[in-house]
Amino acid sequence: MSIKEVWQTDKEQIKETYFSGVGVLSKDGFKGFVQDTAARGSQWMHNYTNRGEITFQLNSDDQDELTVSIEKIHVDVNPHVKQEDVTFEVELRINATINGFKGNVTEQELKELIIKEVKKEIQDTYKEGLKLDVDIFRLSEYLYRDNVKAWKKFEKDGKIPLSEDSISKIDVEVAKINPGRKTFTETIKK
């Protein structure tokens, strides 16, 4: 966590905390940092995350950004053992709340944008972990708990080898979208 000055009033500068990254430790010592936006995917891969936020543009030629709070995160990671390797499927179920946006967007469009951004953040964080030779989402542990025999077959130095293709599928379900404050109920069209 870090503190940054967000904006200034006529009396003072307002400071706010923000997520600045993840430091990674292993049994062999400190591996490095995954910083800023590259680390944001880690929040979606844990059931203990209470709330997170994503911000994105509604479309490429639109200057308006939309911020959505993500809550009630439930994640399942399912290992699939093959002859030569193991792949993982991630299933994520979330609720979303719109934060202060006026404009027109359908509920389906909003769901698609949320799903796209959450998937992107997970993939970006995973790739940054691979650069550090780190199992950042603890996929090896999921295999160990699901199928210890397969884990023993594939493990090297206490972890299974991972590649960019080890996460074979990411399914994100937006179970519910809350339009937020009543003044923004016109934001979502049915």
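Quick notes on this structure:
- Across the alpha-carbon atoms of segment 94-133, the computed radius of gyration and Dmax are 14.1, 43 angstrom.
- Accessible-area rank, largest first, for Phe33, Phe154: Phe33, Phe154, with all protein chains present and a 1.4 angstrom probe.
- Note on Lys82 and Tyr48: their simple-model spin labels are 3.3 nm apart, each label 7 Å out from Cα toward Cβ.
- Between Glu173 and Asp64, the FRET efficiency estimated from the beta carbon spacing at R0 = 35 angstrom works out to 0.85.
- For segment 131-178 and segment 81-95, distance of Cα centres in Å: 7 Å
- Straightening the chain between Ser163 and Asn99 buys 19.4 nm, computed as 0.36 nm per residue apart minus the Cα-Cα spacing.
- Extension gain for Lys153 to Leu132 (0.36 nm times residue separation, less C-alpha to C-alpha distance): 5.2 nm.
The values are calculated or read from the model by the stated rules, or taken from the named source; none is laboratory data. All values derive from a computational prediction rather than experimental measurement. Here the Cβ is made from the backbone with ideal geometry for all residues, glycine too, and neighbour counts use every protein chain on show. Calculation scope for accessible area: heavy atoms of the full protein, side chains included, ligands and nucleic acids excluded. Shrake-Rupley method; radii C 1.70, N 1.55, O 1.52, S 1.80 Å.
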